[in-house]
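One structure is given here, and the rest of the page talks about it.
The values are calculated or read from the model by the stated rules, or taken from the named source; none is laboratory data. What you are looking at is a predicted structure, and each value in this text was computed from that prediction instead of being measured. FYI the Cβ positions are ideal-geometry reconstructions off the backbone, even for glycines, and counts take in every protein chain you see.
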Protein chains: 2
Amino acid sequence: MDHERIAVLAHEKFPDRAKTALGVLRYGDQDVRAVLDRDRAGDSVSDHVPDVADAPIVASFDEAHAAAEGALDALYIGIAPIGGGFDESWRSDVEAAIEAGCDVVSGLHYFLNEDEELAALAAERGVELVDVREPADDLTVATGASGDVDADVLLTVGTDCSVGKMTASLEIVAAARERGIDAAFVPTGQTGIMIAGWGNPIDRVVSDFTAGAVEEMLVEVGDDHDLLVVEGQGSIVHPAYSAVTCGILHGSMADGLVLCHAAGREVVHGYESFDLPPLADYVDLYEDLAAPVREASVVAGAVNTKDVADDDAAAEAVAAFADETGVPATDPVRHGADAVVDAALDAGLGAGDAADADSEVAGEGAAE
Amino acid sequence: MDHERIAVLAHEKFPDRAKTALGVLRYGDQDVRAVLDRDRAGDSVSDHVPDVADAPIVASFDEAHAAAEGALDALYIGIAPIGGGFDESWRSDVEAAIEAGCDVVSGLHYFLNEDEELAALAAERGVELVDVREPADDLTVATGASGDVDADVLLTVGTDCSVGKMTASLEIVAAARERGIDAAFVPTGQTGIMIAGWGNPIDRVVSDFTAGAVEEMLVEVGDDHDLLVVEGQGSIVHPAYSAVTCGILHGSMADGLVLCHAAGREVVHGYESFDLPPLADYVDLYEDLAAPVREASVVAGAVNTKDVADDDAAAEAVAAFADETGVPATDPVRHGADAVVDAALDAGLGAGDAADADSEVAGEGAAE
């Protein structure tokens, strides 16, 4: 996947219910030339999201293509309905994109490549349908090779699912790059993969290959950077998703951990009969579990204060988290991720070393 | 899978390198009428394995069929070459079995159903090719329902892979049944599935469904028994396989854990640069990780002394394990699993309750 100029489909959901579209706008290297949302056609992205590059919001792919003067490479599906299905109201846009010679990139459960009409049309027009949830078929078990890469590895781990691990990871990478650190984001879920343009969807691989699919990515890019920030998934105490969390922890052989938490969350999201343990317990659990494979300390916390009333309450939530866990904390969205970068540097992570100095000019892109 | 009379293929490897064949002979409910091993044709099973029902060893399926007077239901592939491939020298036996109207059951990585010749022949003869490593396609994420089943749940967990968790589980079930406890084995790997005749191959499912695939089994059989013994996989500190271990731990919502260890093992099998942590650390790790989903104590240890010099050394190894971990221990193969059953009962597991007393006559088989 290597798309320079794209349109993002977000019908009826932009911006608040279009997580992927927002992620690509905010963190992607792609140039978003238009957003498709038939409910907001005529508006601009900047009317709704102030802090990203502006683009027109249009009603259809054809309008997007016209707005971009025919220069689009791809259409990204930037929303996911519950269940991950394909909404038939999108079909004309997807077909128009294929007809126009654009790739179509999707993180849906529904695979575009298994849709006979779309697959036939894509074959005819010579474009690619990219289903980012479809794992590569050459993945295998981990060997322990993640421990050998040149880069230091920081992993975001969570107190629960949906606490902002992907966003924290991307903010940390951005803050590190601001400081001149050669940092790269290692995606593990479909949204992260669409933003980064590469990656293995760890939650979809064969369970025995969970750690191996992480290792494959680290080996791929680990010698080209000084700091890798691996996007964590789930939580180590999640009744359903802990396997993926554990595989990422051991597969990444992380040097440092960033504990991510949603302020105010007290029970497992969607599994409300399960209480979250005390924050300090998470620090012990993650560190104790990591240690036999690779010693790793929780170096900082990322507290998601999206649902907190105001800045004062957010500052209080962050301070309380730092107090409970004993590590520096920040809300990377509200306050930036500098505190995490500082903590990582204090722990000796991401500074590179003299031997690496000459290779700092290496490109930041990862092949897939 | 419901086969009463079977032949087991173990060419050139019976008994020492035929783990599945031995497991089926020792623990399966099936009546093994013949073992195929062309190197030992003419011998009897009892010449090599004293403590199981006897059967002739023959050179081919046709000889097995003749020896069983045509009464066979199925041929089980009882060996697995490194890599899990299909040895072409077995093809004539598999074809003969299909021709004779027998199902063929295999735990190989190589799926018989994807072999066009065998699949066509099986379709023609109306028999089933059962690839036990192929997960069902209706698995999904866990919901936490394992916590609601009537049975108490005991899970074997390991200090490493290949320490004897399946064997320990089967011995615990056998010892519990001897004591009149309505116990059942819940398999999680291909050998266990072939022995039990049902089950989900947890290491092959989509990683997000790891816990869910365990839960599906517990919900299936958990109200029909007083004690379920779940076969663990891997180890929680394994560089490659910990994801599967963690998913089974949380997916089973075990009430008690049995820590399995191979005496003398000091480094991870196949990953020798990784040291095993102290035994007592495993107790803390497994208990601390289980607790947020379901409180579970390590109630006993199962020490595999296969590679220990003699009975005295074995007794010493078991005693040392008990001393280090603080729980009762045994080698379930050398000394039986009674000590584990005692420890489980002491912990209040497996005794059923008054309300269950009437249902103890329920069948022990599980449908699949």
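From A:G350, A:G336, which residue is in contact (Cβ under 8 Å) with a residue 40 or more places away in the chain, buried (at least 17 other Cβ atoms within 10 Å of the Cβ), within 21 Å of the chain's Cα centre (by Cα) and away from chain B (no Cβ under 14 Å)?
Selected residue: A:G350, the only one of A:G350, A:G336 that is in contact (Cβ under 8 Å) with a residue 40 or more places away in the chain, buried (at least 17 other Cβ atoms within 10 Å of the Cβ), within 21 Å of the chain's Cα centre (by Cα) and away from chain B (no Cβ under 14 Å).
Yes or no: the range B:14-21 includes at least one residue that is over 21 Å from B:E124 (Cα atoms) and of a type in the set (D, E).
yes
So which of B:P292, B:P278 is farther than 15 Å from B:V230 by Cβ, without any contact (Cβ under 8 Å) to a residue 40 or more places away in the chain and within 14 Å of chain A (Cβ to nearest Cβ)?
Within the list B:P292, B:P278, the selection yields B:P292.
With the structure loaded, tell me whether A:A329 is surrounded by 20 or more Cβ atoms within 10 Å (Cβ to Cβ) and in contact with a Phe, Trp or Tyr (Cβ under 7 Å, 6 or more places away or on another chain) or whether it fails that test.
Considered against the rule, which asks whether it is surrounded by 20 or more Cβ atoms within 10 Å (Cβ to Cβ) and in contact with a Phe, Trp or Tyr (Cβ under 7 Å, 6 or more places away or on another chain), A:A329 comes out as yes.
Check off (1) under 14 Å from B:L289 (Cβ atoms); (2) at the interface with chain B (Cβ under 7 Å from one of its Cβ atoms); (3) of a type outside the set (G, A, S); (4) buried (at least 24 other Cβ atoms within 10 Å of the Cβ) for A:Y286 and give me the number that stays unchecked.
Only one criterion is unmet by A:Y286, namely (2).
Name the single residue that is farthest from B:A313 (Cα to Cα) among those in the range B:245-255 being among the small types (G, A, S) and more than 9 Å from chain A (Cβ to nearest Cβ).
Among them, the one singled out is B:S252.
Can you tell me how many residues in the range A:84-141 are polar (S, T, N, Q), over 27 Å from the mean Cα position of the chain (by Cα) and farther than 23 Å from A:A18 by Cβ?
Final tally of qualifying residues: 0.
Of the residues that sit in the range A:256-275 and are away from chain B (no Cβ under 13 Å) and either among the hydrophobic types (A, V, I, L, M, F, W, C) or in contact with a Gly (Cβ under 8 Å, 6 or more places away or on another chain) (or both), which one is nearest to A:L218 (Cα to Cα)?
Residue satisfying both the conditions and the ranking: A:L257.
Residue by residue, here is whether (1) β-branched (V, I, T); (2) farther than 25 Å from A:G192 by Cα; (3) free of Cβ contacts under 8 Å to residues at least 60 places away in the same chain holds:
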| site | (1), (2), (3) |
| --- | --- |
| A:D73 | no, no, no |
| A:D87 | no, no, no |
| A:E99 | no, yes, yes |
| A:F111 | no, no, yes |
| A:E117 | no, yes, yes |
| A:A123 | no, yes, yes |
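Output the number of residues of the range A:46-88 satisfying the condition of being over 19 Å from A:P15 (Cβ atoms) and among the small types (G, A, S).
Of the residues in the range A:46-88, 8 are over 19 Å from A:P15 (Cβ atoms) and among the small types (G, A, S).
Out of everything in the range B:225-244 that is of a type in the set (S, T, Y) and assigned to a loop (DSSP other than H, G, I, E, B), what residue ends up being nearest to the other protein chains (Cβ to nearest Cβ)?
Restricting to residues being of a type in the set (S, T, Y) and assigned to a loop (DSSP other than H, G, I, E, B), the top hit is B:Y241.
Taking B:G264 as meeting all but one of (1) more than 18 Å from the chain's Cα centre (by Cα); (2) surrounded by 17 or more Cβ atoms within 10 Å (Cβ to Cβ); (3) modelled with pLDDT of 95 or more, write down the number of the exception.
Unmet for B:G264, out of (1) more than 18 Å from the chain's Cα centre (by Cα); (2) surrounded by 17 or more Cβ atoms within 10 Å (Cβ to Cβ); (3) modelled with pLDDT of 95 or more: (2).
Could you say which residue among B:T210, B:T188 is buried (at least 24 other Cβ atoms within 10 Å of the Cβ), in the same structural domain as B:Y271 (by TED's automatic domain parsing), among the hydroxyl-bearing types (S, T, Y) and assigned to a helix (DSSP H, G or I)?
From the options B:T210, B:T188, the qualifying one is B:T210.
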